[in-house]
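Below you'll find the structure, written out as structure tokens, and then a few comments.
The values are calculated or read from the model by the stated rules, or taken from the named source; none is laboratory data. Remember, predicted model here, so these are calculated numbers, not experimental data. In this analysis, Cβ positions are derived from the backbone assuming ideal geometry, glycine residues included, and neighbour counts consider all displayed protein chains. Surface areas here come from the heavy atoms of the whole protein model, side chains and all, with no ligands, DNA or RNA. Shrake-Rupley method; radii C 1.70, N 1.55, O 1.52, S 1.80 Å.
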Amino acid sequence: MTERPMLEVEHASVSFGGLRALKDVSIQAQECRVTALIGPNGAGKSTLLGAVSGFTRLDEGRVTFRGQDITGMRPHEGIGVGLARTFQDLEVMQRLTVAENVLLGFPHQPAERISRLLFTPWVANREHRRNVQRTVDLLHHVGLLERADTLASDLSYGEQKLLVVARLLATGADMLMLDEPGAGLPDVNLHQIGSVLREAVADGKTVLLVDHNMDLIMNYADHVTVLHHGQVIASGTPAQIQADQSVIDVYFSRSHTTEEATDAS
């Protein structure tokens with residue numbers, strides 16, 4: 001019996017003016033797996049992530065999550081169904097501490113309802129203490145506990161990326177979608193993020209990962225889908241993708257050429 005995918009995108013098409021960003025794209029993400037989307041710049045990866053999370057409207061196609069049609073879902077409704085995502089921009093609150101940034105990730109904050117603060121303050125206090133303890137646990141999990149009282153602006157770029165992942169985990173969402181978490185990271189931070197994602201999967205989470213960093217993808221993903229010019233050109237295990245000639249021609253060879261040009265400059 002074939003497992004039903006947690007997430008399924010069917011025949012998705014998106015246009016921006018005269019630009020066709022996605023053309024009849026279908027992907028699946030199985031539960032408790034890391035599914036990666038790769039492809040050259042402009043391939044449609046972030047557009048697809050936006051379509052799943054409600055930030056981009058489909059012209060055609062549909063998105064289902066746990067068998068429920070969520071096509072056209074509004075972005076703020078994502079947490080309610082169990083979806084949360086990050087963006088390419090860090091979106092870290094620079095003037096808040098590391099711990100305060102993570103605390104912002106918890107849904108249903110005690111202070112969101114004035115009536116609770118006025119009439120049942122002990123409940124609000126209890127929930128706040130619980131969130132503080134969960135923040136401590138998450139910061140320990142991503143290796144930032146010693147930086148808990150540090151302003152986010154004082155973190156290194158790699159540490160800020162880890163902070164974004166910790167805040168994503170704080171949402172409690174069952175499916176975590178990350179857009180370029182490995183971009184520009186040194187190996188030590190890269191493998192920290194990869195390890196955190198694998199541990200999240202071991203804890204029952206499902207991950208949809210968009211990234212250009214092949215070390216992150218090949219070492220930590222279970223399944224890889226390759227986009228090129230808004231279309232799927234290959235899908236399989238990391239080993240299968242590395243050996244696929246069409247992928248080598250349009251992506252791996254291009255990535256290698258770009259790295260050589262960068263090294264020579």
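Numbers for the structure displayed
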quantity	calculated
Length-normalised contact order of the chain in % [C-alpha pairs under 8 Å, at least 6 apart]	26 percent
Residues of type aspartates and glutamates that K161 reaches as a straight line, Cα spacing below 19 Å, ignoring anything fewer than 8 places off in the same chain	D89, E91, E100, D137, E146, D149, D179, E180, D187, E199, D211, D215
Cα centre as origin, Lys/Arg/Asp/Glu Cβ charges: the chain dipole, Debye	980 debye
Which label in [x] 36, 21, 17; [y] 25, 24, 17; [z] 33, 23, 16 gives the computed semi-axes √(5λ) of the Cα gyration tensor in Å	[z]
Antiparallel %, DSSP beta bridges [both residues in the chain], to 5	55 percent
S26 long-range amide H proximity, modeled H, under 5 Å	H11, A12, V232
Relative contact order for region 158-257, counting Cα pairs under 8 Å that sit 6 or more residues apart, in percent	21 percent
Rounded to whole Hz, the Karplus (6.51, -1.76, 1.60) HN-Hα couplings of region 218-229, x for glycine and proline	6, 8, 10, 8, 8, 9, 10, 10, 10, 10, 8, 6
Residues whose placed amide H lies under 5 Å from that of L58, excluding near-sequence neighbours	G72
Accessible area of the chain belonging to carbon and sulfur atoms, whole % at 1.4 Å probe	50 percent
Qualifying lysines (Cα of each under 20 Å from Cα of K23; at least 8 residues distant if same chain)	K45
GNM flexibility winner over the chain from A239, A152, A12 (Cα, springs under 10 Å)	A239
Heavy-atom accessible area per residue - the chain, 1.4 Å, Å²	51 Å²
Rounded to whole Hz, the Karplus (6.51, -1.76, 1.60) HN-Hα couplings of region 62-75, x for glycine and proline	8, 10, 10, 10, 6, x, 9, 6, 10, 4, x, 4, 7, x
